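Contents: one structure, followed by commentary.
The numbers here are math on the coordinates, done by the rules we state, and not lab data. Being a predicted model, the structure only gives us computed values, none of them experimental. Note that each Cβ is placed from the backbone with ideal geometry, even for glycine, and that neighbours are counted across all protein chains shown.
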Amino acid sequence: MSTKNFEEWLRKHADEFHPVVPFEKGDKLLLLDFSEANKEMEAGIWSDTNLFISYINSKLEKAGAKYGIGGYAELRNFYSRSEVFNTGDQEEPRRFHLGIDIWGRPYTKVMAPLDAIVHSFAFNNAFGDYGATIILTHQLEGRSFYTLYGHLSLNSIKNVHEGDRIKKGDVFAEFGIPFENGSWPPHLHFQIIINMDRGKGDYPGVCKLSEKESYLSNSPNPNLILRMMQYVNERK
């Protein structure tokens with residue numbers, strides 16, 4: 001199935017997906033742009049986790065927003081805060097984001113959009129990495145695909161086992177805080193993955209710009225499941 005056909009297939013099932021975070025249509029969402037277009041995001045903010053948290057919180061408070069959201073297919077300079085994204089290639093480090101981030105309160109509940117099986121999990125503990133991470137396998141019409149949840153709490157993976165069954169709508173995780181989420185402001189990195197290619201507990205959420213077409217073909221727009229971005233757009 002091509003990426004285009006996979007996306008159309010997800011659209012066909014759009015009404016079947018449960019919210020991934022507690023969200024109702026009346027809740028206000030704030031679009032957060034972390035591309036070069038955001039001139040407020042200076043290196044002094046993103047290099048200091050506490051300043052980064054204060055920046056996010058002030059934006060949400062000023063807007064009266066429950067969540068900040070965005071980032072799919074976004075080129076972000078702030079990944080220079082971590083050697084995780086340099087991968088030894090100084091000519092082209094990883095800066096292109098492949099998921100949607102939902103920025104919010106610590107320990108915000110995370111729910112399964114569909115019935116699922118725990119594919120794998122890990123504590124990716126390097127500075128700037130995912131921290132506690134869970135990957136779920138889903139099936140629709142006999143076809144499997146995966147969803148990745150990064151920057152979780154350690155409690156989220158405390159009693160998890162590969163093969164565990166999770167029902168649609170079940171709370172199975174929560175947003176972590178910096179010591180357990182890779183040293184980021186509390187948020188969820190949510191990503192769809194068509195083919196895990198034998199990986200476990202991890203999959204790139206950021207790639208080189210030169211590799212974006214290949215990675216985007218395997219990680220289509222997460223809003224096809226989240227269905228949150230349209231509510232941001234209504235408030236522009």
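For the reader, a short list of remarks on this structure follows.
- For segment 61-129, GluC sites (Glu not before Pro) are listed when DSSP marks them as loop and at most 15 other Cβ atoms sit within 10 Å of their Cβ; the list is Glu91.
- Helical content of the chain, expressed as a calculated mean residue ellipticity at 222 nm, amounts to -5000 deg cm²/dmol (DSSP H runs of 4 or more residues, -39,500 (n - 2.57) each, divided by residue number, nearest 500).
- Selection of trypsin sites (Lys or Arg not before Pro), segment 125-222, meeting DSSP coil and at most 14 other Cβ within 10 Å: Lys158, Lys167, Lys168, Arg198, Lys200
- Efficiency of FRET between Asn50 and Asp27 - r from beta-carbon atoms, R0 25 angstrom, step 0.05: 0.40
- Straight-line reach from Lys167: taking Cα to Cα under 12 Å and skipping same-chain neighbours fewer than 8 places apart, the aspartates and glutamates in range are Asp115.
- Anchor Lys66: aspartates and glutamates whose Cα lies under 18 Å away (excluding residues fewer than 8 positions away in-chain): Glu24, Asp27, Asp33, Asp101, Glu174, Glu234
- Residue exposure proxy: Phe127, Phe17, ordered by other Cβ atoms within 10 angstrom of their Cβ from fewest to most, comes out as Phe127, Phe17.
- Counting only lysines at least 8 places from Lys208 when in the same chain, those with an alpha carbon closer than 27 Å to its own are Lys4, Lys39, Lys200.
- Rounded to the nearest Hz, the phi-derived 3J(HN,Hα) couplings of segment 151-164 under the Karplus curve 6.51 cos²θ - 1.76 cosθ + 1.60 (θ = phi - 60°) are 6, 8, 7, 5, 4, 5, 10, 5, 10, 8, 9, 4, x, 4, where x marks glycine and proline.
- Global form of segment 150-206, assessed from the alpha-carbon gyration tensor, a/c cut-off 1.5: oblate
- Average projection area in nm² (convex hull over Cα atoms of the chain, one quarter of hull surface): 12.3 nm²
- Within the chain, antiparallel bridges make up roughly 90 percent of the DSSP beta bridges whose residues both belong there.
- Ordering Ile177, Ala63, Thr3 by the projection of their Cα atoms onto the charge dipole of the chain, which places +1 on the Cβ of Lys and Arg and -1 on the Cβ of Asp and Glu, puts Ala63 at the extreme positive end.
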